[in-house]
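Written below as structure tokens is the structure these notes are about.
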Amino acid sequence: MKKDSRLSSVLHALLHMAEREGPVTSEELAVCMHTNPVVVRRTMGLLRDAGLVVSARGSGGGWQIMADLEQVTLRQLHETLGEPAIFAIGNRNETPQCLVEQSVNAALDDAFAEAEALLLERFSRITLAELAAEFQRRHAAYRQGQA
């Protein structure tokens, strides 16, 4: 199963946008994210619908963050993206007839649910402002030759 990297991509894009004074075009974001501008527009559209970014067409247009970075959490972004599956592992058969497989599924389902709840709780505590500050710290260290 392929990993869903949309959350990572959105975080990447938003942090690039946070560093800019004006709008950032889909084409510029596509270069940063190593993807197609159509993918950027589709993803940014979800963020626009959630009130996190705005877009302007034409010369000088592009995407801008409208949300307060202190208020936007990873969990909010995960939910905005449609709550993609957290784990790429799962049960072999969701509705088995075999009692052994039913027992295995019950144990795995409990473990997956507990792990997902912990991860989503942690996502609730990480803000875009924290990520931006971490980037700034790393960037300053890099500029000083400490990277």
Filter result (surrounded by 16 or more Cβ atoms within 10 Å (Cβ to Cβ) and part of a helix (DSSP H, G or I)) within the stretch 19-29: 26, 28, 29
Some residue of the stretch 95-110 being exposed (fewer than 10 other Cβ atoms within 10 Å of the Cβ) and within 25 Å of the chain's Cα centre (by Cα): no
Where a residue in the stretch 131-147 is surrounded by fewer than 12 Cβ atoms within 10 Å (Cβ to Cβ) and its partner, wherever it lies, is at pLDDT 90 or above, with Cβ under 8 Å and at least six apart: 147/138; 147/141
Meets criteria (surrounded by fewer than 17 Cβ atoms within 10 Å (Cβ to Cβ), farther than 23 Å from residue 124 by Cβ and either in contact (Cβ under 8 Å) with a residue 12 or more places away in the chain or of a type in the set (Gly, Ala, Ser) (or both)) for residue 56: yes
Hey, residue 77 under 28 Å from residue 20 (Cα atoms) and within 19 Å of the chain's Cα centre (by Cα) or not: yes
Where a residue in the stretch 11-32 is closer than 14 Å to residue 136 by Cα and its partner, wherever it lies, is aromatic (Phe, Trp, Tyr) and surrounded by fewer than 15 Cβ atoms within 10 Å (Cβ to Cβ), with Cβ under 6 Å and at least six apart: 15/135
Residue within the stretch 30-51 that is in contact with a strand residue (DSSP E or B) (Cβ under 8 Å, 6 or more places away or on another chain) and either at positive phi or part of a loop (DSSP other than H, G, I, E, B) (or both) present: no
Some residue of the stretch 104-112 being touching a residue at least 12 places away in the same chain (Cβ under 8 Å) and within 30 Å of residue 12 (Cβ to Cβ): yes
Filter result for the condition that a residue is of a type in the set (D, E, K, R) and either more than 19 Å from residue 74 (Cβ to Cβ) or not in a helix (DSSP H, G or I) (or both), over 94, 121, 134, 130: 94
Which listed residue, of 77, 46, is crowded, with 17+ Cβ neighbours inside 10 Å and modelled with pLDDT of 90 or more: 77
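The values are calculated or read from the model by the stated rules, or taken from the named source; none is laboratory data. All values reported here derive from a predicted model rather than from experimental measurement. All Cβ positions, glycine included, derive from the backbone under ideal geometry; neighbour counts span all protein chains shown.
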